[in-house]
Amino acid sequence: MITPPVVDLTLILPEMIVLGVALLVLMADLWLAPERRGYLVAASLAGVLAAAWVAAGAADGVSFAGMYVRDALTRVGQVVALAATGLGVLVAPEYLRRYNLDRGEYYVLVLTAGAGAMLMAASRDLLMLFLALETLSIPLYVLAAWARGNARSQEAGMKYFLLGAFASAFFLYGIALLYGETGTTRLPDLTSALAQQPAGISAAAGVGLLTIGLGFKAALVPFHAWAPDVYEGAPLPAVAFMSVIAKIGAFVALLRVFPLALGALADQWTLVLGVLAALTMIVGNLAALAQSSYKRMLAYSSIAHAGYLLVGVATATPPAASAVMTYLAIYAAMGTGAFAVAVALERSGGEADRIEDYAGLAGRAPLLAAAGALFLISLAGLPPTGGFVAKLGIFAAAVETGSVGGLALALIGVLTSVISVYYYMRVAYVMYAGEPDQSGGVRLHASPLLNLALLITAAAVVYAGVLPGAVTSFTQQVGALLSRL
Amino acid sequence: MSFVPLILVWPLLGWLVNGLAGRRLSRTVSGLVACAAVGASFATAALALAAYVQASAAQAASAAEGASQTALSVIVPLFTWLGAGDLWVQASLQVDALSLTMALVVSGVGFLIHVYSIGYMAHDPNVSRYFAYLNLFIFAMLLLVMAGNLLVLFVGWELVGVCSYLLIGFWFARPAAAAAGRKAFVVNRIGDAAFLLGLFLLFTALGTLDISEIRHRVGELPDGLRLAAALLLFAGATGKSAQLPLHVWLPDAMEGPTPVSALIHAATMVTAGVFLVARLDTLFLSSPAALVVIATIGALTAFYAATVALRQHDLKRVLAYSTISQLGYMFVAMGAIAPAIGIFHLVTHAFFKALLFLSAGSVMHAMHDVIDVRRLGGLARTVRWTAAGFIIGGLALAGIPPFAGFFSKDLILEHAFALGMASGNYIPYALGLLTAFVTAVYITRAVALTFFGVPAEAGAHPHESPPVMLWPMALLAVLSVAGGALGAHAAGEPLLRFLAPLLGAVEVEGAAAPHPPAAILMGISVAVAFAGVLTGWIVHRNRRDPSLGAMGTLLEQRWYVDALYDRSIVAPGHATGRWMAGPVDLGVIDAAVNGVGRLFAALGAASRRLQTGYARQYALSVLIGAVLIVGYWILR
């Protein structure tokens, strides 16, 4: 006899709000006059805020036949994902109008991807995790190809889709192998099954393939090669959003799978994750040195940041898990902010993508340049910004383990951060000391929403840097969750 | 007492208004905003005092009869500042007898000096910047004295340093002012480094920086560690409070506007070192060796600075050395296990030294910035109120009864004598007594040369300062006369009683020393003070100023301490700097850095070549990665 699974719809209220608003926007777009698309933006933002408010206060629980869990990691992960989604909405409208790409589906896709990241944070089952991963990924493929008249954007979408599908196949195959060995896809059952018997070959291979699927989403070396091409070709607001939301989804999932579910087998995967982290930090930072395109530089920078984040996952202690979430929250602000600065600029009908385009920005738009410099300083990890607090948390947790590996990772992290100061500060230097473009080729586009996004992200970066307690006191529940295991 | 943070908020608001909108405000509004901010702060502090007295009375009433009475200390948490690993810093304010006394002195004297500044700075073009700095200073100083955590205290400690630097160099277009600001900054760094090391040591040993926790737990520390921490923190105090050997910055700091000298470099900031010792009294009082060092340094500094003050010609420099000397007295009190007495002297000194500085500023105002005593004279006839203010301040400084300075100084000497009886170390007492004599001589000299005799330069037309400057001086004069009542035996010692539960509760070796015959000691110090005034008057009457021969040269050259520093530290430092900047930096470091840079650029370019743009190659790299990872997992 089959008992129907317990369904507790109140548990998924935040996701339902986001997806409901997405449907509403989809429908309303059919009837709304183009000049009234502002309502769609307003509705999306209202939905995100409402969902974040609910998600921050929702009680713990497990439902949907044990496939869905709401706990500390869900709470923090969803709030961060919703913050990134809200910022993703804010940076878009002016750009979309400017290039005549303004269709309501854009916000539907952003909201759906956000819901995908939220579900990844709440997955208690590998199949559920796979579905959530695809819910996150497919809208991102479409967003990358959003500029339909632009061949580079089409190429970016296509590449992202092909390689993403390739990685998804690895992920699914990994699930199949694990199921074959243990007879379950539930993460807690997997934990107990693998704890009882020594892991066989197919289980080991399965875990390896899972790593690859998630590593692709997080753009870890050597699964990162798509990122620079996609970031360069995709429209700027889409890049600003995807660089952050994909990271949030991937790292929340990595925390779910490795420290939380497979914590007992830590000795089997720390080395792999550690080596991946080291490679990612080194390659990301070195490659960023040689870039002349702002977007490509930020693409490699985002790879490098994935490396720092992976140090936290590989460390796998409660403080490290909290530090990963702190890092994601701060990265959502500084990553989106750095791209938002580029959104405000235009060069002869296209995106202002060359680093020279930022020359003398401080003279023309002092506040924009100040914000840009702030984000770059924060990405470089210098105090008194949030980026410093984020890195400090991760590296401190790695050092605290007292192991040689942790120490080595922290050392690599600090040294590559030193390298990163060069390429970040080069742009900030150009902004302040460069000769401004006199031909009038580079134009400024200010819009209230974009300014709001810049203001929010800049304030968040400073606030997190000066009063880190405000962020860490929220994220530390993740560490508490891990230490209860 | 949730309103206590307001004490800090007012001056912060004043700083914001004057700092952000100052250029758009008229000078009157600017000054009024700044004064109102500090006045509100003082009023709030007074309310806090009332609430505190009430609360501690209630606590005393509820405590059982005969139970040991502990000092009430209210912690007002502000926010969790940062939490990383074991380091959780709760930013909080501590409300107790000591912090309230200091807050009242800082905001009260600060308020009077703010009012005075309206008149003194009336013609300065940057008056809003001046008031913004001054408000920021008040905020920082209040943060320092009310901090419940040593890290918060350190933030205030550094911030007052920054304000001091900005205000010394307020007229930064004058090279001397800019150089003086820099000197103050650099010399203070030396002390601050030691202070910071002390903080690290305490944190490593005790795992906390919370002040009341440290006060209660110092007993857990081994003797050596306790001594090291005490000495490191005291080294920080010598920097801020201008004690030997880090005293050299304070006389130069007189380049700043005179109200700044009165507020920062006499009444408040320089006493931060004394305050620090009192704040962590249990730490210092439980390390006998540290106490000997503190008392000795204090006594030596008191004597040294007083002798130098004998042969200074700049009126403000005389007062600056006098400040150094008086701070030395306060440290003697700390070293003689009488922190409450030290705080008492701190308070009376704030009154009379602020009065002296404001009077000196009034002289500058009257004489168009002439401050060299050799060019003054006879001012008592033309600027009577200013002269009266300076003389009252001078009498208090000289320790003539019944002025405020007499009571506090006498108590310090009494305790120094008791220290001698207990430990056989009579040096602090002897130097203290000698200093009392020299003090009376130099301040009498300053008075005689400035206000009496025949004016040195005809043609000057001194004019009395406006009421907005005279009223604050008048109030300070009243305090300089009556302030002694705070600690006078006859008046019931209200301040000492107030501080006693907090600072008097420490039981230490030697505290139970035989009590010296107080009346005899008091008689001696009164006699010495009168003798000093008389000597000064006889030597310097009719504006005579004998050069004292070789000894005079030695004193005028400040015992060659500054010259020694220049020769042995500053000049070699400059030379090392040039060598580092030239051959070492350009030849070695720069070359190495460039080489490393080129290496990484080449690596970056190489990695760029891997990025071909073909999706199939990217898929291949994913596959290779997959094979390696899965292979490792299977074969491990």
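The values are calculated or read from the model by the stated rules, or taken from the named source; none is laboratory data. Being a predicted model, the structure only gives us computed values, none of them experimental. Quick reminder, even Gly has a Cβ in these numbers, built from the backbone with ideal geometry, and neighbours come from all protein chains shown. Calculation scope for accessible area: heavy atoms of the full protein, side chains included, ligands and nucleic acids excluded. Shrake-Rupley method; radii C 1.70, N 1.55, O 1.52, S 1.80 Å.
In the set B:Ala404, B:Ala340, only one residue is among the small types (Gly, Ala, Ser) and open to solvent by 10 Å² or more (accessible area, probe 1.4 Å); that residue is B:Ala340. So is B:Phe390 open to solvent by less than 10 Å² (accessible area, probe 1.4 Å) and either within 27 Å of the chain's Cα centre (by Cα) or farther than 25 Å from B:Tyr329 by Cβ (or both) or not? Criteria met by B:Phe390. Filtering the range A:63-77 for residues that are touching a residue at least 60 places away in the same chain (Cβ under 8 Å), of a type in the set (Val, Ile, Thr) and in a helix (DSSP H, G or I) leaves a non-empty set. Evaluation of A:Gly206 against the conditions (1) free of Cβ contacts under 8 Å to residues at least 60 places away in the same chain; (2) within 13 Å of another protein chain (Cβ to nearest Cβ); (3) buried (at least 24 other Cβ atoms within 10 Å of the Cβ); (4) under 28 Å from A:Ala410 (Cα atoms) shows that the sole unmet condition is (4).
So is A:Val25 within 20 Å of the chain's Cα centre (by Cα) and either basic (Lys, Arg) or surrounded by 22 or more Cβ atoms within 10 Å (Cβ to Cβ) (or both) or not? Against the criterion (within 20 Å of the chain's Cα centre (by Cα) and either basic (Lys, Arg) or surrounded by 22 or more Cβ atoms within 10 Å (Cβ to Cβ) (or both)), A:Val25 does not qualify. For the range B:115-145, filtered to residues that are of a type outside the set (A, V, I, L, M, F, W, C) and over 14 Å from B:Leu167 (Cα atoms), the residue that is surrounded by the most Cβ atoms within 10 Å (Cβ to Cβ) is B:Tyr116.
Does the range A:131-152 contain at least one residue that is under 15 Å from B:Ala615 (Cβ atoms) and not in a helix (DSSP H, G or I)? Yes - at least one qualifying residue is present in the range A:131-152.
Okay, residues lined up against (1) open to solvent by 80 Å² or more (accessible area, probe 1.4 Å); (2) modelled with pLDDT of 75 or more; (3) on the phi > 0 side of the Ramachandran plot:
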| residue | (1), (2), (3) |
| --- | --- |
| B:Leu586 | yes, yes, no |
| B:Val596 | no, yes, no |
| B:Leu599 | yes, yes, no |
| B:Ser607 | no, no, no |
| B:Gln611 | no, yes, no |
| B:Ser621 | no, yes, no |
| B:Gly625 | no, yes, no |
| B:Val630 | no, yes, no |
| B:Ile634 | no, yes, no |
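In the range B:119-130, the residues that are of a type in the set (Gly, Ala, Ser) reach residues that are open to solvent by less than 20 Å² (accessible area, probe 1.4 Å) with C-beta atoms within less than 7 angstrom, at least six apart or across chains, in these pairs: B:Gly119/B:Ser465; B:Gly119/B:Met469; B:Ser128/B:Asn18; B:Ser128/B:Gly22; B:Ser128/B:Ser30. In the set (1) open to solvent by 50 Å² or more (accessible area, probe 1.4 Å); (2) small (Gly, Ala, Ser); (3) more than 14 Å from chain A (Cβ to nearest Cβ); (4) in a helix (DSSP H, G or I), the condition left unmet by B:Ser547 is number (4). Consider the range B:58-100 and keep the residues that are modelled with pLDDT under 60 and more than 12 Å from chain A (Cβ to nearest Cβ). The one that is most open to solvent (accessible area, probe 1.4 Å) is B:Glu65.
The residues listed here are B:Leu93, B:Leu100; of these, the one that is touching a residue at least 12 places away in the same chain (Cβ under 8 Å) and assigned to a helix (DSSP H, G or I) is B:Leu100.
If you check B:Val447, B:Val468, B:Val441 for being in contact with a Gly (Cβ under 6 Å, 6 or more places away or on another chain) and open to solvent by 30 Å² or more (accessible area, probe 1.4 Å), only one passes: B:Val468.
Among (1) facing another protein chain (nearest Cβ under 8 Å); (2) open to solvent by 10 Å² or more (accessible area, probe 1.4 Å); (3) at pLDDT 90 or above, which single condition is A:Pro228 missing? Unmet for A:Pro228, out of (1) facing another protein chain (nearest Cβ under 8 Å); (2) open to solvent by 10 Å² or more (accessible area, probe 1.4 Å); (3) at pLDDT 90 or above: (2). Only one entry of B:Thr258, B:Thr301, B:Thr323 meets the criterion of being at pLDDT below 90 and among the β-branched types (Val, Ile, Thr), and that entry is B:Thr258. Selection of helices (runs of 4 or more DSSP H) fully inside the range A:302-401 by the criterion of at least 1 residues being open to solvent by 10 Å² or more (accessible area, probe 1.4 Å) and either among the acidic types (Asp, Glu) or more than 17 Å from A:Phe251 (Cα to Cα) (or both) returns A:361-364, A:366-380, A:386-400. A:Phe170 fulfils the conditions (1) within 23 Å of the chain's Cα centre (by Cα); (2) part of a helix (DSSP H, G or I); (3) away from chain B (no Cβ under 14 Å) except for a single criterion, (3). If you go through the range B:588-636 and keep only what is closer than 30 Å to A:Thr211 by Cβ, of a type in the set (Gly, Ala, Ser) and more than 7 Å from chain A (Cβ to nearest Cβ), you end up with B:Ala606, B:Gly631. From the list A:Arg75, A:Arg98, the one residue that fits, being open to solvent by 40 Å² or more (accessible area, probe 1.4 Å) and basic (Lys, Arg), is A:Arg98. Sub-7 Å Cβ pairs linking a first residue in the range A:144-167 that is farther than 25 Å from A:Gly349 by Cα and at the interface with chain B (Cβ under 9 Å from one of its Cβ atoms) to a second residue that is aromatic (Phe, Trp, Tyr) and surrounded by fewer than 23 Cβ atoms within 10 Å (Cβ to Cβ), at least 6 apart or interchain, number zero.
Can you tell which of A:Leu87, A:Leu11, A:Leu49 is at pLDDT below 95 and assigned to a helix (DSSP H, G or I)? One residue alone meets the criteria, A:Leu11. Criterion first (closer than 24 Å to A:Ala278 by Cβ, in a helix (DSSP H, G or I) and touching a strand residue (DSSP E or B) at 6+ places or on another chain (Cβ under 9 Å)) does A:Ala470 satisfy it? In short, no. State whether one or more residues within the range A:244-267 are within 11 Å of another protein chain (Cβ to nearest Cβ) and open to solvent by less than 10 Å² (accessible area, probe 1.4 Å). Scanning the range A:244-267, I find no residue that is within 11 Å of another protein chain (Cβ to nearest Cβ) and open to solvent by less than 10 Å² (accessible area, probe 1.4 Å), so the answer is no. Anything in the range A:433-465 that is within 13 Å of chain B (Cβ to nearest Cβ) and open to solvent by less than 70 Å² (accessible area, probe 1.4 Å)? List them, or say none. The answer is A:Ala464, A:Gly465. The criterion of being crowded, with 24+ Cβ neighbours inside 10 Å, at pLDDT 90 or above and not in a loop (DSSP other than H, G, I, E, B) does not hold for B:Leu263.
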